[in-house]
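Data block below; observations after.
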Amino acid sequence: MICSLTVADVRDRAVVSLTFDDLPESGMIATTADSAKSGKVADTVSLTQSPSRIPAAFVTSSTGASLLLDPDKKQQIVIATSEDVSRPDAVSVSGLFANLQSADTNIYHGLFAKRHPTSSTSNYGINFNPGTDVLQVYVNDGTGYKLAQYSVKQTIGYRRRMHLTVSLDHADAPGADADGDVDDVRLRVFVNGQPVTPTVVSGGFAEGNVGWLQDVSLTKCVSDTPLTIGSSFTDGEMLRLVCDDIHVFAEALTNEDAAALFHEVAGASAAEISQEQTAGTDSTRVQPVIGRIIPHAIEINKTTRMQLAGQNLQGARLHTEVAGISCSVVEGGNASQGFFDVSVADTVLPGRYLVRCVTTGGVSKPVVIVVDRIPTAVDGTYPRETPATVLPAAVAGVISGTEQKQLWFQGTANQKIAVEVEARRVGSKLDPVVEIRSAEGTPLALQWQQAELQGDARATVTLPADGLYVAELHDLQFQAVGGSIWRLMVGDLPPSSIAFPATLAPTVTSFRTLSKNAISEAVSLKENEGGIAIQSGVAILPFPALRTQNGVHVIEPLEGTFPEAAVDATFTATPFLPLFISGRIAVPGETDTVLLTVTPGQTLNFQMAARGISSPLRGHLALFNGDALVAQNDGNSGADDPTFNFVVPEGVTQLKVRVRDINEKGSQASVYLLQIARPDRPAFLLSTREESVRLPLNGSTPVRLSVIRTSPSFRYTGPIHLAASGMSSVTIVPETIAGSEQNQDVLVMLTRNAAVNPDIAANGQGLTISGTADGLASGFSTVVSLVLDSVPTSALTLADEALVAGPADPTPGTILLEAAPPILLRGMSAVLPVRVIPLTEQTPPFVRFEMTTTEPVRLEDPNKPDSPKKLAIALHEFQFGPVSQGVMGLTIRVPTDIPSTAIDVVISADFVTQPLASGVGSKAWIAPTTLFIEDAITVAPVPDAKGTKAGGSIIIGSVQRHPSYDGEFMVMLDGLPKDFAAAPAIVAAGQSTFTVNLTIPESATLGEVPNVTVRGQVANGSTISKPVTVKILVE
């Protein structure tokens, strides 16, 4: 047909043509072929950092390949400069693209460009910002950027297949152009063959679908800079992108050309792709983000209106795990802010706690709020004209840059005043300084960051006279990060920084807070239904961290010192609970002594916490047998907390432990906690870095747990039985973590069974995972703790141990393993068969797979945190298939140098309308399974080889094959000196012996040839064995 000839003619006119169909299915990818028929040269095309070849993602049923670019790996396409791409008069660039960059990012990404990172000229280019919905095509001939802007949503979109053509050529702009010279650039953009109208033209104007850039010369833009795809320039504005069928033309394509070219490259999928583009909306649900809460402090027994600022907050609810705090939504919220009335019951313990937002998009990261008995007003409430007359008083707000915040107050002679700022303890970036001055400006007290306040500051003074005073707050460098939250409190405030004792007993504890020169009144605290309640006494400020420890507690009295009677540290009854000794070095030069009853032959671990609990004490720990010093440690001269192990000698039943400050200092706040324990006591720790989960009805979600089985003060190698609580009808798989000699990471699956109670959806409930020891150690259990990098968890009054379950759409299908998982062989790919089962008639037609593992991250240079990551065990990129296929074999990539011998994995499936689309509903997951990793072959020790100069030697050896590997491979010699030569030896399928012929040059040195090894390698270049040293002697 004439139409077909016309379409073919368009693509044949390209001067650069990249289809990626020439790329190998495995191994490193560094280049691709330019198959253009009309180019002046065969252009050199580099693929930096080995992008991934994936099955053709744009055209249904295509047998070719597409290319996936990962910006985290610095991957891009680089076309070297040539006459084909450095165009002085006209150029068109086209391609099939799918933008995989997050739809809510607010930075620019480059689609393609011929642009130098520092030069003032840019031949041409496109970059876009999803957050501002701006896509711009630009030119810069040295006089500044001139560009036409378009809507991202109406052009490249997000996870949509689309064909883009950009056409630029010299012409004389009509109408508004003041001259008749051909000194303007005509710019046209086509999406799926159809022209798109610019929204803004800078340096010109728009006429219909054409953008005119005035008084700009393409000739002056020509440079030797390469054309990059997937970035704006080498290593700049990089983009997560799938691309295919990229063409460059040395001409400006017309409307008819662009339409014909789209149908040529899209083929039978042209109508589908056009429909995806015109669908317009992006249904991806995005997680809510809390930027800040104002105010962050709430008075107990009151209701406070709180404003949240952030992103994706539409429909948000405020969630906390603290009983007695209720939050109700107030009208007026939108995507960037929310309003809530927060009420705090009188029974709530004053403290710092976490809150989160829950929306249909999930659960936000937590932020810290404070509840106490200090009335807190907004910033500016107490200026000089209307000072605070009733204390305590507080104001809260945000601070930026050089701002100085004030609270004016009336005081009386000899009145004790403390001014305390709360910022770092609630996650603020402020470096606070607090000052107290008289009304005339006379400085009375000044204090900056204090370690015992975890970076906050507190100044105290006794007022010299009746009158007006001011408390002032500013940043140490007068460079406060914009929007830093703070609260400034003024009054005769009790200490708030140091807890004594540092750990609470499970029974009633008499508790105080300390500063270097003050002690609070006692408050009786008791653990109550998983929380802590006040039995007697009153607290007005937030409590510091309150943690309970199961063990024997010995507490030094505030007046006097430890009793002379020996403390039992024999640890003869299971489960060998540790001994906790809480004390203070209250005055300079003081030494605390505790007499211990011990068991001969037993190993004891001594660990002191001082720095670790924000105490100013720099501890020295010493152990005496009678008057003889038998062990001591000063924590690297006070840089760390001291610790050591000691084996009790035979016949010894008493030891003395002594604690002092290494600098002979002391204060009311110089608190320590000394733990003494058997290193073999049965205990373990469980933690996760997950901050929340999304749990659909009849669906699952994985959680990665870290298991610490061995530490200086405990060891447990047996099974750990898991349980999930807090939400009905949620089960955990596996229910038991198998015993192990090593610390480990494991994957567990939380599953929601709607059949049990279909009315309870995951919508902000807290889930807790607990672990219990087995056998004789069955008395030990613990709860999974949350490792939260986004908040200062050490300042939280009570540890937050609940995974908050957010809403998730139903899962339209499920997946399961079709057969037992294979043993993975290093350096070789493996296939994992998975069965896909649709659950509804509306299940989307395609399924796309990913894999999560517990393999530790490995860096190319472990000493550099920003070093590139080494390859890990993973699915080959972008594996997908039709749901109707049923069973699919997923290819797993196994790098050569994997040190792990076993890892846990889960496979997830996104059900999608087309391979590049966002998932519909929630992911489906297989149950966690363990994959074992072994060597494909093991090279046996190689007999010594001898040879002569200008002669040779024969190296004969054998290998042991893994039972599952029977293929052909090569044996390679590495480390040969210059002019030595040895061709690889081919070992045929099923064979296990090899012979390598070595050529030795005349110039060889007599004696042993050092550092020569032998290894196995398959045809794609992957090593499949560990190297074995070969001893070669030159005679």
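Roughly speaking, what is the stretch gain from Glu385 to Ala989, that is 0.36 nm per residue apart minus the C-alpha to C-alpha distance, in nm to one decimal?
Working: separation 604, 0.36 × 604 = 217.44 nm, distance 9.28 nm.
Gain on stretching Glu385 to Ala989: 208.2 nm.
Give the Cα extents of region 937-1034 along the principal axes, in whole Å, largest first.
Per principal axis, max minus min of the Cα coordinates gives 44, 23, 18 Å.
Multiply the residue gap between Thr254 and Ala518 by 0.36 nm, knock off their C-alpha separation, and tell me the result in nm, one decimal place.
Contour length minus the Cα-Cα distance gives 86.8 nm.
Just flag the GluC sites (Glu not before Pro) in region 405-482 sitting in loop per DSSP whose Cβ has no more than 13 other Cβ atoms within 10 Å.
Details: sites: Glu420, Glu422, Glu435, Glu440, Glu452, Glu472; in loops: Glu440.
Counting only loop positions with at most 13 other Cβ atoms within 10 Å, the GluC sites (Glu not before Pro) in region 405-482 are Glu440.
Please give the peptides 43-50, 410-417 ranked by average Cβ packing (other Cβ atoms within 10 Å per residue), highest first, as a rough proxy for protection.
43-50, 410-417
Return one number: the angle in degrees, 0 to 90 and rounded to the nearest 10, between the long axis of the Cα atoms of helix 255-266 and the longest principal axis of the Cα atoms of the chain.
Tilt relative to the chain: about 70 degrees.
Which semi-axes, in whole Å and largest first, does the equivalent ellipsoid of region 376-491 have when worked out from the alpha carbon gyration tensor as the square roots of 5 times its eigenvalues?
On the way: eigenvalues 99, 42, 30 Å².
Its equivalent ellipsoid spans semi-axes of 22, 15, 12 Å.
Could you tell me what % of all Cα pairs in region 813-934 have separations over 18 Å?
On the way: 3950 of 7381 pairs.
It works out to 54 percent of all Cα pairs.
Based on the alpha-carbon gyration tensor of region 1-128, what equivalent-ellipsoid semi-axes (square roots of 5 times the eigenvalues) come out, in whole Å, largest first?
On the way: eigenvalues 110, 93, 53 Å².
Over the Cα atoms of region 1-128, the ellipsoid semi-axes are 23, 22, 16 Å.
What nm value, rounded to one decimal, do you get for the distance between Thr597 and Ser536 when each label is placed 7 Å out toward the C-beta?
Computed distance between label sites Thr597 and Ser536 equals 3.0 nm.
Along the Cα→Cβ direction, 7 angstrom out, place labels at Thr105 and Ala874. What is the inter-label distance in nm?
1.5 nm
Going by how many other Cβ atoms sit within 10 Å of their own, how do His620, His163, His170 line up, fewest first?
Values: His620 22, His163 27, His170 18.
With the fewest neighbours first, His620, His163, His170 line up as His170, His620, His163.
How far is it, in nm, from the label point at Ala738 to the one at Ile956 when both lie 7 Å from their Cα along the line to the Cβ?
With each label placed 7 Å out from Cα toward Cβ, I get 4.2 nm.
When Phe576, Phe58 are ordered from fewest to most other Cβ atoms inside 10 Å of their Cβ, what list results? Could you put the intermediate results ahead of the total?
Numbers: Phe576 20, Phe58 27.
Sorted ascending by nearby Cβ count, the order is Phe576, Phe58.
Run through every distinct alpha carbon pair of region 498-677 and return the Kirkwood hydrodynamic radius in angstroms, one decimal place.
Its Kirkwood hydrodynamic radius stands at 16.9 Å.
If you filter region 13-63 for trypsin sites (Lys or Arg not before Pro), then keep DSSP loop positions with at most 16 other Cβ within 10 Å, what is left?
Details: sites: Arg13, Lys37, Lys40, Arg53; in loops: Arg13, Lys37, Lys40.
Here the sparse-neighbourhood loop sites are Lys37, Lys40.
So what's the angle, to the nearest 10 degrees on a 0 to 90 scale, between helix 270-279 and the longest Cα principal axis of the chain?
Roughly 40 degrees, rounded to the nearest 10.
Using only the alpha-carbon atoms, what does region 145-301 span along each of its principal axes? Please give whole angstrom values in decreasing order.
Ordered largest first, region 145-301 gives principal extents of 78, 44, 34 Å.
Ala902 to Ala30: FRET efficiency via 1/(1 + (r/R0)^6), r the Cβ-Cβ distance, R0 25 Å, to the nearest 0.05?
The pair Ala902/Ala30 has a calculated efficiency of 0.15.
As an exercise, identify the GluC sites (Glu not before Pro) in region 827-896 lying in DSSP coil whose Cβ has no more than 14 other Cβ atoms within 10 Å. Show your work: numbers first, answer last.
Values: sites: Glu841, Glu850, Glu860, Glu877; in loops: Glu841, Glu860, Glu877.
Answer by residue number: Glu841, Glu860.
What do you get for Rg/Rh over region 504-550 if you use C-alpha atoms and the Kirkwood form of Rh?
Working: Rg = 10.9 Å, Rh = 11.3 Å.
My calculation puts Rg/Rh at 0.96.
In a shell of Cβ-Cβ distance under 9 Å around Ile399, excluding Ile399 itself, what net charge do Lys and Arg (+1) and Asp and Glu (-1) give? Write out the running numbers ahead of the final one.
On the way: positive: Lys405; negative: Asp379, Glu403, Asp475.
Around Ile399, the charge tally is -2.
Net charge near Leu579: determine it from the other residues with C-beta under 13 Å of the C-beta of Leu579, scoring Lys and Arg +1 and Asp and Glu -1.
On the way: positive: Arg678, Arg681; negative: Asp568.
It works out to a net charge of +1.
Once R0 is set to 51 Å, what does the formula 1/(1 + (r/R0)^6) return for the Cβ-Cβ distance between Ala80 and Val887, expressed as a FRET efficiency to the nearest 0.05?
E(calc), rounded to 0.05, equals 0.70.
Looking at the calculated P(r) for region 2-279, what percent of the C-alpha pair distances fall above 30 Å?
Numbers: 8373 of 38503 pairs.
I get 22 percent for the Cα pairs in region 2-279 exceeding 30 Å.
Could you give the spread of the C-alpha atoms of the chain along their three principal axes, from largest to smallest, in whole angstroms?
Its Cα atoms span 101, 87, 66 Å along the three principal axes.
Rank-order 791-802, 913-924, 878-889, 668-679 by packing density, defined as the average count of other C-beta atoms within 10 Å over each peptide's residues, highest first. The partial results should precede the final answer.
On the way: 791-802: 19.8, 913-924: 21.4, 878-889: 15.7, 668-679: 23.2.
Put in order of decreasing packing, that is 668-679, 913-924, 791-802, 878-889.
In what order do His876, His319 fall by count of nearby beta-carbon atoms within 10 Å, going from fewest to most?
Details: His876 18, His319 23.
Exposure proxy ranking, most exposed first: His876, His319.
For the chain, what is the calculated [θ] at 222 nm in deg cm²/dmol (nearest 500), taking -39500 (n - 2.57) for each run of four or more DSSP H residues and dividing by its residue count? List each step's numbers first, then the result.
Details: 4 runs with 37 residues, N = 1035.
The helix contribution divided over the chain gives -1000 deg cm²/dmol.
Does anyone have the angle between helix 2-12 and the longest principal axis of the chain? Alpha-carbon axes, 0 to 90°, nearest 10?
It works out to around 60 degrees.
If packing is taken as the average number of other Cβ atoms within 10 Å across a peptide's residues, how do 586-597, 734-745, 70-81 rank, most packed first? Working shown, then result.
On the way: 586-597: 15.7, 734-745: 14.0, 70-81: 19.0.
For the peptides 586-597, 734-745, 70-81, the packing ranking is 70-81, 586-597, 734-745.
Rounded to the nearest 0.05, what FRET efficiency do Thr197 and Thr303 have when you use their Cβ-Cβ distance and R0 = 56 Å?
Values: r = 52 Å, r/R0 = 0.93.
Calculated transfer efficiency: 0.60.
I want the local charge near Val783. Using Cβ-Cβ distances under 13 Å, sum +1 for each Lys or Arg and -1 for each Asp or Glu among the other residues. Don't jump to the answer; show the numbers that get you there.
Details: positive: Arg547; negative: Glu321, Asp800, Glu801.
In short, -2.
What is the Rg over Rh value, at two decimals, for region 334-429, using alpha-carbon atoms and the Kirkwood definition of Rh?
On the way: Rg = 16.6 Å, Rh = 16.4 Å.
The Rg/Rh ratio comes out at 1.02.
When the chain is fully extended, how far beyond the present Cα-Cα distance does Lys1031 get from Val329, taking 0.36 nm per residue of separation? Please report the intermediate quantities before stating the final value.
Values: separation 702, 0.36 × 702 = 252.72 nm, distance 7.71 nm.
245.0 nm is the gain from fully extending Lys1031 to Val329.
Under unit Cβ charges (Lys, Arg +1; Asp, Glu -1), what dipole magnitude, rounded to 20 debye, does the chain have relative to its Cα centre? Write out the running numbers ahead of the final one.
Working: 72 positive and 105 negative charges, 399 e Å.
Computed charge dipole of the chain: roughly 1920 debye.
Every read-out reported here was derived from the displayed coordinates using simple, explicitly stated rules and does not represent laboratory data. Bear in mind the structure is a predicted one, so any value in this text is a computation, not a measurement. All Cβ positions, glycine included, derive from the backbone under ideal geometry; neighbour counts span all protein chains shown.
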